[in-house]
Amino acid sequence: MITGVLSPEEEATVHAAADPTLQVDMYYKGKKIDPAGGWEGAQICAEVDEDGTMECFDNDTEANSRLASVAPTKEARQGAASALTGQASTGQVKQPNELRAS
């Protein structure tokens, strides 16, 4: 499970309140997306580079698989790898609405 993620609506609110001169690049399925304009079907977005670049995914398993190798910190990579192990052993993947309750 990935914690600390926002829904598309929450993400749009954060971006609306953020400094407009700061730009964060977000990608979904290799295509750059506008975080204020929706996530084009993505359910989870996470930082994949120390420069703030975000990559978006369809589900926890997809996100954790990617983050286990590219997350910007060792701790984040280890956390994603641990989450994958937990998902594999339980067979459960939390849906976006369940993530906010965690």
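The values are calculated or read from the model by the stated rules, or taken from the named source; none is laboratory data. All figures in this text were calculated on a predicted structure; none of them were measured in a lab. Every residue, glycine among them, receives a Cβ derived from its backbone with ideal geometry; neighbour counts consider all protein chains shown.
Among the residues of the stretch 47-70, those identified as of a type outside the set (D, E, K, R), without any contact (Cβ under 8 Å) to a residue 60 or more places away in the chain and under 14 Å from L84 (Cβ atoms) are F57, N59, T61, S65, A68, S69, V70.
Out of curiosity, is A68 at pLDDT 90 or above, of a type outside the set (S, T, N, Q) and under 13 Å from the mean Cα position of the chain (by Cα)? Yes.
For the stretch 20-76, what are the residues that are aromatic (F, W, Y) and not in a loop (DSSP other than H, G, I, E, B)? Within the stretch 20-76, Y27, Y28, F57 qualify.
For the stretch 74-102, filtering for residues that are exposed (fewer than 14 other Cβ atoms within 10 Å of the Cβ) and at pLDDT 90 or above leaves 4. Of the residues making up the stretch 13-58, those that are over 26 Å from K74 (Cα atoms), modelled with pLDDT of 75 or more and of a type in the set (A, V, I, L, M) number 2.
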